[in-house]
Structures are given as C-alpha cells and as structure tokens.
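Have a look at the structure below, then the notes.
The values are calculated or read from the model by the stated rules, or taken from the named source; none is laboratory data. Just so we're clear, the structure is a prediction, and the values are computed from it rather than from any experiment. Every residue, glycine among them, receives a Cβ derived from its backbone with ideal geometry; neighbour counts consider all protein chains shown.
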C-alpha cells in the first residue's frame, strides 16, 4: 500500500445484528450475501483500499471466495474490533486508526448493511472529495439530510475518536461550527439499511439483485 493514498473506506461490519436475530451480513441477497454485496462494490470502486472492521469471532464466511483471491485481496483487509459490543463508535475508531497508518487524503465510513447502495454513488463521492481543498467532510444525502456513506478529512479524526457508545459519526453534524459538503441524490432507496426482519422482507420484495 503506497503512502499518502486517496480515499480509504472504513467498512463497518462489526455489529451484533441484535434486531435481526441472526447475522444480517450473511443473509442472501440474490446470489450473494448482504455483506458481500457492499464490499464487492467497494473493492471495484475508486476507493484506494477498504478496511473491514469485524467482530473478533467473525470468520468472514459471508464473503465469497473471489474477494479472497487476487486482484481483489490486495484491495482490502480485516481489522478486529474487540470492543464492538460497546457500540458503533468503537468500530469506527478501530477502522480510523488502521486507516490513518496509510496517510489517506480522506476516509469514507461505509456501512455493510446498505446492499442497494450503487457503485456510482461511491465513485461520485470519491471524485468530488478529491477535487476539494480542506473540506472537513463530504456526505451523501437525500432531501438535505446526510446519509452514509460519508468521507471525512483526516483533520476530523481527533473528533471522531472522541465519540462513545452508539454515537455515529452523524453526531458531528449537529455542531454548528462544522461546515462540510452535502451531495443530494434522488433515490432514497439507495441508502436503505437492513436492520430488522421487516427490512429484509422489503429488500427481498423490491426485486433488486434477485
């Protein structure tokens, strides 16, 4: 991995799937799984690298074999979060610390449970971010409301490392002094995240990837 690269993704895959009752990342989505679907887009995108933040006991068997072989295997790595049970903030921080070792220009927080997220949005955000100078963050949005994925400048990492529990990165948007960029997209379903059994039933019924 070269120094001072472009944008690295912190791929959050360490949740307990408490509301689903089973590991939602391993649930079928077409011929793949929910978790694999998003990761596959990440490694095929303009992102320079992807850090998969996982639970200590996760064997990553929800990822299909092709991503473990060249050339894809050189584009991502797993990082264990031993404090995953304490909340999403700890998963974010585990990924951030690993990402900062690579001296990136930006760090994208990417959720593993957004299987409908288009590759085009990932690429668009990366391209827009790299064209900016010193922007604290660049977030996707729908009707003016920020949605993941979000790209943060390295200068934002100290504040992100102060988050606790289940406080997601979007907590930072409540700070009036923080000004970043929001890119509005037209389709709300692109940002649909699968948290419950009802969500999964809706996903199966919408016809995407099946």
Region 81-95: number of residues that are touching a strand residue (DSSP E or B) at 6+ places or on another chain (Cβ under 6 Å) and either under 15 Å from residue 150 (Cβ atoms) or surrounded by fewer than 19 Cβ atoms within 10 Å (Cβ to Cβ) (or both):
2
Scanning region 198-210 residue by residue, those more than 21 Å from the chain's Cα centre (by Cα) and either in a helix (DSSP H, G or I) or at pLDDT 90 or above (or both) turn out to be 198, 201, 202, 204, 205
Residue under evaluation residue 56, criteria (1) over 14 Å from the mean Cα position of the chain (by Cα); (2) closer than 24 Å to residue 198 by Cα; (3) modelled with pLDDT under 95, criterion not met:
(2)
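Condition (residue is loosely packed, with under 14 Cβ neighbours inside 10 Å, in contact with a helix residue (DSSP H, G or I) (Cβ under 8 Å, 6 or more places away or on another chain) and in a helix (DSSP H, G or I)) applied to region 164-171: is it met by at least one residue? I'd like the intermediate steps shown before the answer.
Of all residues in region 164-171, those loosely packed, with under 14 Cβ neighbours inside 10 Å come to 164-166.
Checking the rest, the ones that are also in contact with a helix residue (DSSP H, G or I) (Cβ under 8 Å, 6 or more places away or on another chain) come to 164-166.
Next cut, in a helix (DSSP H, G or I) only: none.
No, region 164-171 has no match at all.
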For region 4-32, name all the residues that are surrounded by fewer than 24 Cβ atoms within 10 Å (Cβ to Cβ) and part of a strand (DSSP E or B).
28, 29, 32
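State whether the residues of region 148-159 include one that is in a loop (DSSP other than H, G, I, E, B), crowded, with 20+ Cβ neighbours inside 10 Å and either within 18 Å of the chain's Cα centre (by Cα) or modelled with pLDDT under 95 (or both).
Kept after step one, since they are in a loop (DSSP other than H, G, I, E, B), are these residues of region 148-159: 153.
If we keep only those that are crowded, with 20+ Cβ neighbours inside 10 Å too, we end up with none.
The answer is no, given that none of the residues of region 148-159 is in a loop (DSSP other than H, G, I, E, B), crowded, with 20+ Cβ neighbours inside 10 Å and either within 18 Å of the chain's Cα centre (by Cα) or modelled with pLDDT under 95 (or both).
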Is it the case that some residue within region 33-41 is in a strand (DSSP E or B), more than 25 Å from residue 152 (Cα to Cα) and either in contact with a helix residue (DSSP H, G or I) (Cβ under 6 Å, 6 or more places away or on another chain) or at pLDDT 95 or above (or both)?
yes
Breaking point among (1) over 28 Å from residue 188 (Cβ atoms); (2) in a helix (DSSP H, G or I), for residue 61
(2)
Of all residues in region 47-72, which are touching a helix residue (DSSP H, G or I) at 6+ places or on another chain (Cβ under 7 Å) and more than 20 Å from residue 16 (Cβ to Cβ)?
47, 49, 50, 64, 66, 67, 72
Out of all the residues in region 98-139, which are surrounded by fewer than 18 Cβ atoms within 10 Å (Cβ to Cβ), in contact with a helix residue (DSSP H, G or I) (Cβ under 7 Å, 6 or more places away or on another chain) and in a helix (DSSP H, G or I)?
100, 119
Of the residues in region 183-194, those that are free of Cβ contacts under 8 Å to residues at least 60 places away in the same chain and touching a helix residue (DSSP H, G or I) at 6+ places or on another chain (Cβ under 9 Å) number 1
Just checking, does region 53-69 include any residue being within 30 Å of residue 133 (Cβ to Cβ), in contact (Cβ under 8 Å) with a residue 24 or more places away in the chain and crowded, with 21+ Cβ neighbours inside 10 Å?
yes
Just checking, does region 102-119 include any residue being without any contact (Cβ under 8 Å) to a residue 24 or more places away in the chain and at negative phi?
no
